1. Evaluate the stretch 284-302: report whether one residue or more is within 13 Å of ligand 1 (Cβ to nearest atom), assigned to a loop (DSSP other than H, G, I, E, B) and either open to solvent by 10 Å² or more (accessible area, probe 1.4 Å) or at pLDDT 95 or above (or both).
2. Given the criteria of a type outside the set (K, R), open to solvent by 10 Å² or more (accessible area, probe 1.4 Å), on the phi < 0 side of the Ramachandran plot and touching a Leu at 6+ places or on another chain (Cβ under 9 Å), does Y268 qualify?
3. Across the stretch 137-157, what is the number of residues that are open to solvent by 70 Å² or more (accessible area, probe 1.4 Å) and either assigned to a loop (DSSP other than H, G, I, E, B) or in contact with a His (Cβ under 8 Å, 6 or more places away or on another chain) (or both)?
4. Go over the candidates G176, G187 one by one and state the one that is open to solvent by less than 60 Å² (accessible area, probe 1.4 Å), in contact (Cβ under 8 Å) with a residue 24 or more places away in the chain and farther than 17 Å from A105 by Cα.
5. Checking G308 against (1) within 14 Å of ligand 1 (Cβ to nearest atom); (2) within 15 Å of the chain's Cα centre (by Cα), only one condition comes out false. Which one?
6. List the residue pairs whose Cβ atoms are under 8 Å apart, where the first residue sits in the stretch 319-331 and is farther than 20 Å from A104 by Cα, the second is surrounded by fewer than 12 Cβ atoms within 10 Å (Cβ to Cβ), and the two are 6 or more positions apart or on different chains.
7. In the stretch 322-337, how many are more than 21 Å from N212 (Cα to Cα), part of a loop (DSSP other than H, G, I, E, B) and open to solvent by less than 50 Å² (accessible area, probe 1.4 Å)?
8. Here are some conditions: (1) touching a Ser or Thr at 6+ places or on another chain (Cβ under 8 Å); (2) at pLDDT 95 or above. A137 meets all but one. Which one does it not meet?
Amino acid sequence: MKRLLPLLLSCALLAGCGAGQASPSAGTDADTQYFFAMDTIMSITAYDGDTSAALVAAQQEVNRLEALWSRTRPESDVSRLNDHAGDGTAVPIQPETARLLETAAAAAQESGLAFDPVLAPVMDAWGFGLTESETTAVHRVPSQEELSALLPLTRDLPQVTAGEDGSYTAALPLTGQAADLGGIAKGASAAYVVDALTAHGVENAILSLGGNITALGHRPDGQPFRVLVTDPLASEDGYLCTIALEGGLTCSTSGGYERYFESDGVTYHHIIDPSTGYPAQSGLLSVTTVAADPALADAWSTALFVLGPDRALELWRSGEGTVAGMELILVTQGQQVYVTQGLEEGLQFHGEEAGYTYEIVRR
Ligand code: ADP
Ligand code: MG
């Protein structure tokens with residue numbers, strides 16, 4: 001969160017500016033909307049179409065989805081699902097929520113539950129749960145006993161049922177279970193934002209929805225957008241590399257540096273390994289995924305952070321499955337940066353002085 005605004009501003013700057021231009025909008029009819037939603041700062045810049053109506057509609061979409069997917073709003077689909085965990089009630093949910101739960105379940109199954117959408121009891125035990133804001137969160141290190149008691153609640157996925165009339169219900173099988181879609185909801189929103197923009201004639205736009213950046217079309221000069229990837233070790237704003245992004249692709253970054261606390265000199269971050277209940281220690285500082293489906297980009301940046309560099313590259317190299325269709329930037333604790341070959345064109349590496357080395361990974 002704390003580095004989001006600079007990232008966003010730099011991103012916006014790079015997203016639209018050619019050499020010598022002072023602002024992303026210079027020389028174009030671009031229109032930018034900044035707003036706060038889903039506990040993060042979001043920005044959308046539209047370069048064509050009916051930009052003002054498009055941006056209003058786009059923000060309304062995010063607000064609508066947040067009202068469905070928030071854990072802190074009692075009437076949301078997710079809150080009602082959680083309230084009825086284990087009591088046998090199939091809770092009516094909107095089609096958007098059904099689709100989100102199904103995408104989350106697919107990522108969970110394919111990742112061997114490295115991505116787990118029902119980790120809420122464990123997230124809450126660490127204080128990373130209901131209050132996502134760093135100013136109000138109360139972080140603590142739960143005991144091994146406490147985590148052992150909670151882990152059995154984290155594996156059974158929500159059951160989604162489609163009715164003949166197109167309606168949906170969902171249920172959580174066990175008492176005490178709760179869904180937390182924080183690892184996928186922002187990415188999933190991007191698809192709806194893109195639809196809202198497109199409906200108002202926007203063909204070129206850049207969206208930044210809290211660590212997930214989607215490039216619709218290209219820059220006004222016909223070039224791909226340029227997106228900055230954060231240096232996970234930088235205490236001030238520092239950037240590891242710039243990548244080119246266009247044609248509807250989304251880039252999503254997950255890193256332990258984004259949200260964490262310290263206790264007795266140990267740092268604990270907010271990406272949990274569902275097999276242990278502890279913050280993932282996979283040897284990675286951050287993972288960036290680039291994918292056509294923004295929800296999957298978001299879910300898999302979290303999942304691959306848990307799985308670690310060897311497994312991530314194995315999945316990418318295998319040529320089969322969701323990860324094989326993505327491009328990746330993996331940053332290890334040893335400051336080695338692995339960039340898969342599809343990102344080579346347009347890649348600018350900024351990390352040498354900070355001690356990083358990088359390697360292009362090929363199939
Ligand atoms: P952020 O949302 O902070 O940008 P991520 O997309 O990596 O970063 O999502 C992290 C969030 O996902 C956590 O705050 C928590 O809500 C949830 N989460 C943490 N660990 C996992 C996991 N292993 N599987 C699914 N969700 C997780
Ligand atoms: Mg994620």
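1. No, the stretch 284-302 has no match at all.
2. Numbers: of a type outside the set (K, R): yes; open to solvent by 10 Å² or more (accessible area, probe 1.4 Å): yes; on the phi < 0 side of the Ramachandran plot: yes; touching a Leu at 6+ places or on another chain (Cβ under 9 Å): no.
Taking the combined requirement at face value, the residue does not satisfy it.
3. 3
4. Working: G187 fails: farther than 17 Å from A105 by Cα.
Answer to the selection: G176.
5. It fails just one condition, (2).
6. Once the first residue is farther than 20 Å from A104 by Cα and sits in the stretch 319-331, its partners that are surrounded by fewer than 12 Cβ atoms within 10 Å (Cβ to Cβ) give G319/R363.
7. Let us first name the residues in the stretch 322-337 that are more than 21 Å from N212 (Cα to Cα), namely 333-336.
Retained after the next criterion (residues that are part of a loop (DSSP other than H, G, I, E, B)): 333-335.
Cutting the leftovers down to open to solvent by less than 50 Å² (accessible area, probe 1.4 Å) gives us 335.
Number satisfying all stated conditions: 1.
8. In the conditions (1) touching a Ser or Thr at 6+ places or on another chain (Cβ under 8 Å); (2) at pLDDT 95 or above, A137 misses (2) alone.
The values are calculated or read from the model by the stated rules, or taken from the named source; none is laboratory data. Not measured: the values here are computed from a predicted model. As a convention, Cβ positions derive from the backbone with ideal geometry for all residues, glycine included, and neighbour counts pool all protein chains shown. Accessible surface is based on the protein model in full, side chains and every heavy atom, while ligands, DNA and RNA are left aside. Shrake-Rupley method; radii C 1.70, N 1.55, O 1.52, S 1.80 Å.
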